[in-house]
Amino acid sequence: MNIRQYMKYMAAVTGLGCILSFAACDDGVVNPVGTKILPDEDRITVYADTFRIAASTVKYDSLYARSSSSFLGEFYDPLYGRLKSDYICQFYCKEDFRFSHTPDDGRIDSVSLYISYGDWKGDPAIPMQMTVYPVTQQLTKNFYTNVDPTVYCDMQHPVASQAYSAQGGIYDSTYEVWTHALPLPVEWGQKVYDETVGNPSSFSNQEAFNHFFPGFYITTGYGSGNMLYVFETKIIIYSHYTLQSSTDTDSVVYAQDLFNVSKDVIQLNSFQSTNTEQLLADNADYTYLKTPAGIFTRLVVPAAEIRHIIESRIVNYVSVNLKYMPQEDWQYAMLPPPYLLLIPEDSIATFFENRNIENSVTSYLSNYSSSSTVGYNESGRVYPFPNMANLLTYHIALHPDEDLRMLAIPVSRGTSASSDYSGNTTYYTTSLSHYLAPSGLKIRKDGDNMNMVVISSLLRNR
């Protein structure tokens, strides 16, 4: 394509905006729309074709969830079913760790496990039970959520257990954080201190520490109806020592030594989802999304049919909008996830394992507004996607006789912000991961809700 042809092509692309509203009103019938664009010696014909996307609900048994945050509790929704979440974790140990001070008589005072959370789903007053079990087998770096924590643990001898409620935690109004403190046996802390004295090599590096202390499994026992959004888990060992003074009066000083869960160690998140049969059943009106249950919507674009229709045309614009129903009319109803990611189904594993972000070629993020922190239009109840022409063109070039199978996946989005001279803020994606908070969505597939408009153009020389 020479410069002149390129300028004509760009004029055609620019002119497409004037027919998008027409294309959006198409009734699913393939309608070629001819447009003559100067100069007169050439003609660009622009087509607006409507195709039907096939949509269904599918379930993936496991999600890639590498994170130092988690969810703890059990929750039931009349439509979306039961969710239970817990986690198994190691604790970070700095190299050559030693206690900050030598305790008096070499004795530890107490030990506590702290669970900090910023929010919850469900009834904050409902009584629950938190139980901690010792990890007895070394954890492996399998960050998928189908892990069975009991394989790694001694489930017959819990370390500690305590009743709690979400609103019964200690509240820090400055940081808007709640914390539960679960007392651990003082013998456990004493064992750690004695090991630093008698076998300091156990603290020489993280691997050595993991062999000495493989970790904890933190789960819930009785109680259902609440799930904590846990962002920090840590152990504090308390002790005291006497500070010698030059006078006759000595003073007692209290010390704390910390081990916490961080991104430098393994945390395995476990989710159990039941009562999902009605979501997976054939449904003429809706497909479903449920997190963190691995229930996604599969979209099948008739790419083979599209290839025959558009022939040698240039694909300029592909419109995909996923419309959803209002949340259910009951207490603690599921809310929509913040963003949806559209990717080819065969790339789900590598996308998250490789920590990819959307590239607008083989992956697309719902985008209501570049200045918004959610990817949907709440008033219109729609997840809009940017022009997906690149993906359709890419797929047809590689697999001309195959339909394009995509998954709509709820995701969490890490962002970075920038502002212009007018104070307008734009958010850029820095990370994408599976959305692990409880959420549910009914996506409409009735009527023309699964119609997809493909705008294409053809340059004809006279």
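The values are calculated or read from the model by the stated rules, or taken from the named source; none is laboratory data. All values reported here derive from a predicted model rather than from experimental measurement. Glycine also receives a Cβ, built like all others from the backbone with ideal geometry; neighbour counts cover every protein chain displayed. Accessible surface areas use protein heavy atoms only, side chains included; no ligands, DNA or RNA. Shrake-Rupley method; radii C 1.70, N 1.55, O 1.52, S 1.80 Å.
Given the criterion farther than 24 Å from E74 by Cα and within 26 Å of the chain's Cα centre (by Cα), identify the matching residue among T145, T140, T219.
Values: T145 fails: farther than 24 Å from E74 by Cα; T219 fails: farther than 24 Å from E74 by Cα.
Sole residue among the options that is farther than 24 Å from E74 by Cα and within 26 Å of the chain's Cα centre (by Cα): T140.
Taking region 260-308 as the range and being out of contact with any Phe, Trp or Tyr (no Cβ under 6 Å at 6 or more places or on another chain) and open to solvent by 60 Å² or more (accessible area, probe 1.4 Å) as the test, the residues that pass are K263, Q272, N275, E277, Q278, L280, D282, A284, D285, E305, R307, H308. Quick one: in region 115-132, of everything that is open to solvent by 40 Å² or more (accessible area, probe 1.4 Å) and in a strand (DSSP E or B), which residue is farthest from Y332 (Cα to Cα)? The extreme case among them is Q129. When we screen S85, S112 for residues that are under 18 Å from the mean Cα position of the chain (by Cα), in a strand (DSSP E or B) and small (G, A, S), the only hit is S85.
Residues considered: R66, R98. Of these, the only one that is assigned to a loop (DSSP other than H, G, I, E, B), modelled with pLDDT of 95 or more and not hydroxyl-bearing (S, T, Y) is R98. Of the residues G81, G34, G28, G17, the single one that is at pLDDT below 55, open to solvent by less than 40 Å² (accessible area, probe 1.4 Å) and not basic (K, R) is G28. Of all the criteria given as (1) in contact with a helix residue (DSSP H, G or I) (Cβ under 8 Å, 6 or more places away or on another chain); (2) farther than 20 Å from R82 by Cβ; (3) touching a residue at least 40 places away in the same chain (Cβ under 8 Å), the one not satisfied by C153 is (1). Listed conditions (1) outside any strand (DSSP E or B); (2) within 29 Å of S85 (Cβ to Cβ); (3) among the aliphatic types (A, V, I, L, M); (4) open to solvent by less than 40 Å² (accessible area, probe 1.4 Å) are all met by A408, apart from (1). Within region 325-348, the set of residues being open to solvent by less than 10 Å² (accessible area, probe 1.4 Å) and closer than 18 Å to M452 by Cβ comprises L340, L341, L342, I343.
Only one of the listed residues (D96, D104, D109) is open to solvent by less than 50 Å² (accessible area, probe 1.4 Å) and either hydrophobic (A, V, I, L, M, F, W, C) or touching a residue at least 60 places away in the same chain (Cβ under 8 Å) (or both). That residue is D104. Taking the criterion of being hydroxyl-bearing (S, T, Y), under 25 Å from D86 (Cβ atoms) and assigned to a strand (DSSP E or B), the residues of region 250-290 that qualify are S270, S273, T274, Y288. Tally the residues that are under 15 Å from the mean Cα position of the chain (by Cα), modelled with pLDDT of 95 or more and assigned to a helix (DSSP H, G or I), restricting the search to region 321-351. So the count comes out to 1.
When region 56-74 is examined, which residues are found to be open to solvent by 40 Å² or more (accessible area, probe 1.4 Å) and of a type outside the set (S, T, Y)? The answer is K59, D61, R66. Against the test of being crowded, with 20+ Cβ neighbours inside 10 Å and more than 31 Å from the chain's Cα centre (by Cα), the options S239, S251 yield a single qualifying residue, S239. Applying the criterion of being of a type in the set (A, V, I, L, M) and in contact (Cβ under 8 Å) with a residue 60 or more places away in the chain to the residues of region 350-367, the residue that is surrounded by the most Cβ atoms within 10 Å (Cβ to Cβ) is L365. Within region 41-55, restricting attention to residues that are among the small types (G, A, S) and out of contact with any helix residue (DSSP H, G or I) (no Cβ under 9 Å at 6 or more places or on another chain), the residue that is most open to solvent (accessible area, probe 1.4 Å) is A54. Among residues of region 413-443 being among the small types (G, A, S) and open to solvent by less than 40 Å² (accessible area, probe 1.4 Å), the one that is farthest from D61 (Cα to Cα) is G414. Comparison of V230, V253 shows that the only residue that is touching a Ser or Thr at 6+ places or on another chain (Cβ under 6 Å) and touching a residue at least 12 places away in the same chain (Cβ under 8 Å) is V230.
Restricted to region 374-405, and to residues there that are part of a strand (DSSP E or B) and over 20 Å from the mean Cα position of the chain (by Cα), the residue that is farthest from F51 (Cα to Cα) is R405. A count restricted to region 179-203 and to residues that are closer than 19 Å to S262 by Cα and open to solvent by 40 Å² or more (accessible area, probe 1.4 Å) stands at 0.
Can you confirm whether G375 is crowded, with 18+ Cβ neighbours inside 10 Å, in contact (Cβ under 8 Å) with a residue 12 or more places away in the chain and within 29 Å of Q327 (Cβ to Cβ)? It is true that G375 is crowded, with 18+ Cβ neighbours inside 10 Å, in contact (Cβ under 8 Å) with a residue 12 or more places away in the chain and within 29 Å of Q327 (Cβ to Cβ).
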